[in-house]
Amino acid sequence: MDFKTLFTTFGMIFLAELGDKTQLATFAFSANSSSRMAVFLGSAGALVLTSLLGVLFGGIVHRLVSPQTIKIGAGVLFMVLGIWMTFFSGNK
């Protein structure tokens with residue numbers, strides 16, 4: 001087990017998930033439900049499943065594309081989305 005990778009991944013995903021739409025949706029479901037355990041298990045299961053898909057697809061993409069290309073592509077995608085949201089958000 002690579003604990004450095006484990007703790008780095010945990011820290012980055014934890015910080016990325018704080019206040020995002022997934023957490024807000026979970027908050028809303030919990031506020032409207034009498035079974036908070038069901039909301040917790042449902043949201044935790046969904047996060048685990050999406051993480052599993054990310055790991056599996058990441059392993060496949062890693063074989064086809066270099067890590068440097070993935071980093072550059074992700075950076076460009078985030079910049080494009082940021083610019084798009086800034087200029088075309090619909091709040092005119």
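Determine which member of the set Leu24, Leu6, Leu41 is open to solvent by 100 Å² or more (accessible area, probe 1.4 Å) and either under 11 Å from the mean Cα position of the chain (by Cα) or under 23 Å from Val55 (Cα atoms) (or both).
None of the other options fit; the residue is Leu41.
Which of the numbered conditions does Gly73 fail, given that it passes all the others? Conditions: (1) at pLDDT 90 or above; (2) open to solvent by 70 Å² or more (accessible area, probe 1.4 Å); (3) more than 17 Å from Thr22 (Cα to Cα).
Single failed check for Gly73: (2).
The values are calculated or read from the model by the stated rules, or taken from the named source; none is laboratory data. As the structure is a prediction and not an experimental result, all values here were calculated from the model. Protein only, heavy atoms only, side chains kept; ligands, DNA and RNA dropped before computing areas. Shrake-Rupley method; radii C 1.70, N 1.55, O 1.52, S 1.80 Å.
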